[in-house]
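Let me begin by presenting the structure, written as structure tokens, before commenting on it.
The values are calculated or read from the model by the stated rules, or taken from the named source; none is laboratory data. Nothing here was measured: the structure is a model prediction, and the numbers come from that model. Neighbour counts run over all protein chains shown; Cβ positions are idealised from the backbone, glycine included.
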Amino acid sequence: MKKVLVIGAGGQIGTELVLTLRTKFGNDQVVAADVKETCPEQLSNGPYRKMDILDREDVSTYIRETGFEQVYLLAALLSATAEKAPDFAWRLNMEGLFTILDLAKEGSIKKIFWPSSIAVFGPTTPSENTPQYTIMEPTTVYGISKQAGERWCEYYFNKFGVDVRSIRYPGLISYKSLPGGGTTDYAVDIFYQAKAKKEYSCFLSENTALPMMFMEDAIRATIELMDAPAEQLTVRSSYNLSALSFTPKELAACIQVTIPEFKITYSPDFRQAIADSWPASIDDSVARADWGWSERFDLFNMSTEMLKNIDINKIIN
Ligand code: NAD
Ligand code: AKB
């Protein structure tokens, strides 16, 4: 049995997660898998397998033959991209989850990590300090798929004892890998444009507050949750997790501390309605109590790290 398989490894989270897991378990023990034909260069220090999570037969045969202690299922369409292809988004985000849950049910996987999102919440959810348990009426196909996924994770845990663990990630901010089509992507784009052009046109309005987190914190949270003793976990749908909450205006002001000439303008598009339906801040007291979660990066530290480390040759727009 190999240690770890990360499916969707070539994306924003997968790239950093694979590198961190390889440091923890050894390069050869962590298989990176993605629908991408060839191994992304950053992941070339360990095994890579081309895998389409929608090819249930291929995925099942490979996992049954190899056997994995942990599978991280990251392949999905994110909020903005999913709105453009709702049928496919529903299929991708749900079918892959069932394949992995069923493989764990039969014993070919010991432990699953599957990420949910703040997108499970909707306009009727309390927006400030959104509690772990509250009204959830998501209005995006992405949010609906994440909420359904959470219900199925909890169901497989209760009915079949599948050890599946999950976090409702906020918007993630990183410099090693680019974001993949979400509503919170502006909070990464802005750093590239600020460093390269000293100006940024934001697709959200200036006072749109959203929950966010620096990638280093998110990866550490993921591994801490996977390492936590099962008996400490009281949530088998998905844990609220929080670190930062800011508006585009506040983020711009923070960047201006380092780049005083930086200018931001606002030109909201279809992503504004998605952002307006999500919480402004999250109450993650259950994660803190159950497995000791605590963030390390505040807005200023995150912003400083981003401006120091981003490579402007990777500009998004
Ligand atoms: P991403 O779009 O950057 O990466 C997804 C990866 O999945 C890509 O490398 C893509 O090639 C791969 N993929 C797509 N279709 C596939 C298929 N059929 N088979 C195998 N691989 C396939 O996404 P991400 O930001 O890394 O997000 C990973 C997970 O975390 C998703 O489930 C997402 O909903 C969740 N999440 C992300 C954020 C965030 O801010 N990044 C926040 C909340 C939740
Ligand atoms: C998105 O904006 O779609 C993601 C998320 C918060 O799930 N970053």
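Structure values in brief
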quantity: Matching residues, the range 97-118, being among the aromatic types (Phe, Trp, Tyr) and under 16 Å from residue 33 (Cα atoms); calculated: 113, 114
quantity: The range 1-44, residues that are surrounded by 15 or more Cβ atoms within 10 Å (Cβ to Cβ) and part of a loop (DSSP other than H, G, I, E, B); calculated: 8, 9, 10, 11, 35, 36, 39, 40
quantity: Subset tally (residues that are near ligand 1 (Cβ under 8 Å from one of its atoms) and either more than 20 Å from residue 179 (Cβ to Cβ) or aliphatic (A, V, I, L, M) (or both)) for the range 1-54; calculated: 9
quantity: Residue selected from the range 153-179 under the condition surrounded by 22 or more Cβ atoms within 10 Å (Cβ to Cβ) and among the charged types (D, E, K, R), by the criterion farthest from residue 285 (Cα to Cα); calculated: 165
quantity: Condition broken by residue 77, with the remaining ones in (1) near ligand 1 (Cβ under 9 Å from one of its atoms); (2) crowded, with 23+ Cβ neighbours inside 10 Å; (3) farther than 21 Å from residue 152 by Cβ; (4) hydrophobic (A, V, I, L, M, F, W, C) satisfied; calculated: (3)
quantity: Selection from the range 162-188 of residues that are away from ligand 2 (no atom under 16 Å from the Cβ), of a type in the set (A, V, I, L, M) and in a strand (DSSP E or B); calculated: 164
quantity: Breaking point among (1) buried (at least 22 other Cβ atoms within 10 Å of the Cβ); (2) assigned to a strand (DSSP E or B), for residue 191; calculated: (2)
quantity: Residue among 287, 218 that is within 30 Å of residue 200 (Cα to Cα) and at pLDDT 95 or above; calculated: 218
quantity: Residue satisfying condition, being farther than 25 Å from residue 74 by Cα, surrounded by fewer than 22 Cβ atoms within 10 Å (Cβ to Cβ) and within 16 Å of ligand 2 (Cβ to nearest atom), within set 253, 209, 289; calculated: 209
quantity: Pairs, first near ligand 1 (Cβ under 7 Å from one of its atoms) in the range 167-187, second part of a loop (DSSP other than H, G, I, E, B), C-beta under 6 Å, six or more apart; calculated: 169/115; 171/184; 179/185; 180/11; 180/78; 181/78; 182/78
quantity: Residue match in the range 92-103 (condition: in a helix (DSSP H, G or I) and either of a type in the set (Phe, Trp, Tyr) or not assigned by TED's automatic domain parsing to the domain that holds residue 14 (or both)); calculated: yes
quantity: In the range 231-262, the residues that are out of contact with any helix residue (DSSP H, G or I) (no Cβ under 8 Å at 6 or more places or on another chain) and not in a helix (DSSP H, G or I); calculated: 242, 245, 247, 260, 261
quantity: Residue within the range 107-122 that is aliphatic (A, V, I, L, M) and more than 15 Å from ligand 2 (Cβ to nearest atom) present; calculated: yes
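So that you can scan it fast, the table gives a plain yes or no per residue for (1) closer than 21 Å to residue 55 by Cα; (2) within 10 Å of ligand 1 (Cβ to nearest atom); (3) not aromatic (Phe, Trp, Tyr):
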residue: 101; (1), (2), (3): yes, no, yes
residue: 107; (1), (2), (3): yes, no, yes
residue: 112; (1), (2), (3): yes, no, yes
residue: 115; (1), (2), (3): yes, yes, yes
residue: 124; (1), (2), (3): no, no, yes
residue: 144; (1), (2), (3): no, no, yes
